[in-house]
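Here the structure is laid out as structure tokens; the discussion comes afterwards.
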Amino acid sequence: MAARVRWYRDAWWLRVRWDHNRKLDRRFGPKATDKREAERVGERVNAALVLGTFTPEALEAKRQEVVPVADELRRWEHAYAATWKPGHVDHVERVLRNHLVPWFGQRDARGLRETDLLDYVRAKLAEGLSPSSMRGHLAALQRCLNVSEAEGRLVRNPVRRVSELLRRVGRSVATEAVEVDAWTREEVRTVLAARTRA
């Protein structure tokens, strides 16, 4: 019976074995700070195992904390705005303030599903926004949650496949192609003949 920190699938994990080889894994993240946090938690778990007071619910409680989408968006904006051009900073701020934060708000990022994204797209298309605007909005959400996943607040990014989803949406709302008024063969011959005479 023990808790051990190990590197697995590009992140630090804490594996706890107790009560006749029962196992519990918890992902912390890829950074050195994640490893240190996993080691701190592991020390507490090992102490509880020695005292006989360990319960898996104590470890699960932290994992079950809500990861609000709005908080992740603001954290991402604050961390990465220094790497963006001023115009892009303004654009992202408007998208977050007017669209993403009001819509997703305190919803748990871990529970986002494709249907939630489609609800968002439908509502914004009904407001008159274009599919390309939707692509920009959800690409920002995807990049934000990529960071959340890399930093260990999410086990996986639930909107990782948003590009394929938006491709399908774009096709469904595309207007018919405009018929091109092409020249006839006779018109082409006339133009070429006039050029050779000139």
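Per-structure values
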quantity	calculated
Residues that are in contact (Cβ under 8 Å) with a residue 12 or more places away in the chain and assigned to a helix (DSSP H, G or I), drawn from region 92-108	Val92, Glu93, Val95, Leu96, His99, Leu100, Val101, Trp103, Phe104
Failed item, numbered, when Ala82 is tested on (1) under 20 Å from Asn146 (Cβ atoms); (2) over 19 Å from the mean Cα position of the chain (by Cα); (3) not in a helix (DSSP H, G or I)	(3)
Helices (runs of 4 or more DSSP H) fully within region 122-198 counting 3 or more residues that are over 20 Å from Leu96 (Cα atoms) and either touching a Lys or Arg at 6+ places or on another chain (Cβ under 6 Å) or at pLDDT below 80 (or both)	162-173, 185-197
Test: His20 is without any contact (Cβ under 8 Å) to a residue 24 or more places away in the chain and on the phi > 0 side of the Ramachandran plot	yes
Identity of the residue in region 15-31, surrounded by 19 or more Cβ atoms within 10 Å (Cβ to Cβ) and closer than 22 Å to Leu145 by Cα, that ends up farthest from the chain's Cα centre (by Cα)	Arg26
Which listed residue, of Glu72, Glu39, Glu43, is of a type in the set (Asp, Glu), touching a helix residue (DSSP H, G or I) at 6+ places or on another chain (Cβ under 8 Å), at negative phi and assigned to a helix (DSSP H, G or I)	Glu72
Given (1) under 30 Å from Arg143 (Cα atoms); (2) without any contact (Cβ under 8 Å) to a residue 12 or more places away in the chain; (3) not hydrophobic (A, V, I, L, M, F, W, C); (4) not assigned by TED's automatic domain parsing to the domain that holds Leu129, index of the condition Glu39 fails	(2)
Residues within region 110-121 that are assigned to a helix (DSSP H, G or I) and either of a type in the set (D, E, K, R) or touching a Pro at 6+ places or on another chain (Cβ under 7 Å) (or both), tallied	4
Residue within region 8-19 that is modelled with pLDDT of 85 or more, farther than 15 Å from Gly152 by Cβ and of a type in the set (Val, Ile, Thr) present	yes
Filter result (touching a residue at least 24 places away in the same chain (Cβ under 8 Å) and of a type outside the set (Val, Ile, Thr)) within region 109-128	Ala109, Arg110, Gly111, Leu112, Arg113, Glu114, Leu117, Leu118, Lys124, Leu125
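Per-residue answers, yes or no, for (1) touching a Lys or Arg at 6+ places or on another chain (Cβ under 6 Å); (2) at pLDDT below 90; (3) surrounded by fewer than 16 Cβ atoms within 10 Å (Cβ to Cβ); (4) within 30 Å of Val16 (Cα to Cα):
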site	(1), (2), (3), (4)
Leu49	no, yes, no, yes
Arg74	no, no, yes, no
Arg94	no, no, yes, no
Pro102	no, no, yes, no
Ala109	no, no, no, yes
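The values are calculated or read from the model by the stated rules, or taken from the named source; none is laboratory data. All values reported here derive from a predicted model rather than from experimental measurement. Methodologically, a virtual Cβ is constructed for each residue, glycine included, from the backbone with ideal geometry; neighbour enumeration extends over all protein chains shown.
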